[in-house]
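Visitor: Let me give you the structure first, and then I'll get to my questions.
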Amino acid sequence: MRRVSALLVAALLVLAAAPAPATAATPTRLLVQRSDPLMTDPVVLEVAAIDASGTAAAFTGTARLGSGRSSVRAAMRAAAGGVAVVPLPTASLQTGPATLRLTARTGGRTVTRTMVAFVDVPATLGLSGFGCTAVTRAGGTIRWAVDTMGGEPVRTPNSRDVPLLPYVGSSAPRYSMTGMDGLPLATSGRMVISDARGPVARVRLGKQVRRLVFGTRWNGRARGGFRPGTYTAVLTLTDPAGRIVTATQQVYAVARGGPCGP
């Protein structure tokens, strides 16, 4: 039997010890809390239905967690005096504040409860430009690094304490992007190169599982030819749930050497 948090147990005991309300028409209430406030996938609920006498009543129902146009649902069930433990996976939800809606059937009536911004679904990934990038007439690779996954910091070469080579040269899962469920994460998107006048190049990025440090290639051409100067690269990646992450860095087009070395 799963252990229910002490806080919810204490709340039930206090309610049970309280005197019965003066009227039996007092509506049943739904108490809910997260088993672990730090866990975001899954979000585990502990739900109790408190009847007019102040005791936990038996109930069945549904929990729905929604963010943007995405949502997940799970069934709820608890015996008299019990608490329903309901895990809600968030790997398919859009990033941002998610609203929880509970619908329970107990004692011949339907009870609902809605809690806005019940949990903040973290971004799948956090990205940044990796190092200084110089592109020649022959084109070049613009490198990016994953800084966070599922809201947690990632130790990539950006940390300056991990060798670069394994991340760039290996396809091992430990060096690849994963989702909040720990499974390989395929992303797709595009890179836009711009100068002071606007976009000069667009590069499509196909769907694949990318490394924690990866590259996107630009042929170096802008407005019909190679033009030395400073450009801005904006990377946009989208995961299977439709969550979008972006990163920006400067790129230098150089004829011979430049700010990134000889």
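The values are calculated or read from the model by the stated rules, or taken from the named source; none is laboratory data. This is a predicted model, so every value here is computed, not measured. Every residue, glycine as well, gets a Cβ built from its backbone with ideal geometry; the counts of neighbours run over all protein chains shown. Ligands, DNA and RNA are stripped out before the accessible areas are found, and what is left, the full protein with its side chains, is counted by its heavy atoms. Shrake-Rupley method; radii C 1.70, N 1.55, O 1.52, S 1.80 Å.
Visitor: Checking Ala117 against (1) open to solvent by less than 70 Å² (accessible area, probe 1.4 Å); (2) at pLDDT 90 or above; (3) at negative phi, only one condition comes out false. Which one?
Guide: Among (1) open to solvent by less than 70 Å² (accessible area, probe 1.4 Å); (2) at pLDDT 90 or above; (3) at negative phi, the lone unmet condition for Ala117 is (3).
Visitor: Name, by its number, the condition in (1) at pLDDT below 90; (2) hydroxyl-bearing (Ser, Thr, Tyr); (3) over 19 Å from the mean Cα position of the chain (by Cα) that does not hold for Thr124.
Guide: (3)
Visitor: I would also like to ask the following. Restricting the search to the stretch 220-231, which residues are surrounded by 15 or more Cβ atoms within 10 Å (Cβ to Cβ) and either in a strand (DSSP E or B) or without any contact (Cβ under 8 Å) to a residue 60 or more places away in the chain (or both)?
Guide: Passing the criteria: Arg221, Ala222, Phe226, Pro228, Tyr231.
Visitor: If you scan the stretch 48-84, which residues turn out to be part of a strand (DSSP E or B), of a type outside the set (Gly, Ala, Ser) and either out of contact with any strand residue (DSSP E or B) (no Cβ under 6 Å at 6 or more places or on another chain) or open to solvent by 60 Å² or more (accessible area, probe 1.4 Å) (or both)?
Guide: Within the stretch 48-84, Arg64, Arg73, Arg77 qualify.
Visitor: I've got another one for you. Can you report the number of residues in the stretch 93-112 which are surrounded by fewer than 17 Cβ atoms within 10 Å (Cβ to Cβ) and under 26 Å from Gly151 (Cβ atoms)?
Guide: Residues in the stretch 93-112 being surrounded by fewer than 17 Cβ atoms within 10 Å (Cβ to Cβ) and under 26 Å from Gly151 (Cβ atoms): 3 in total.
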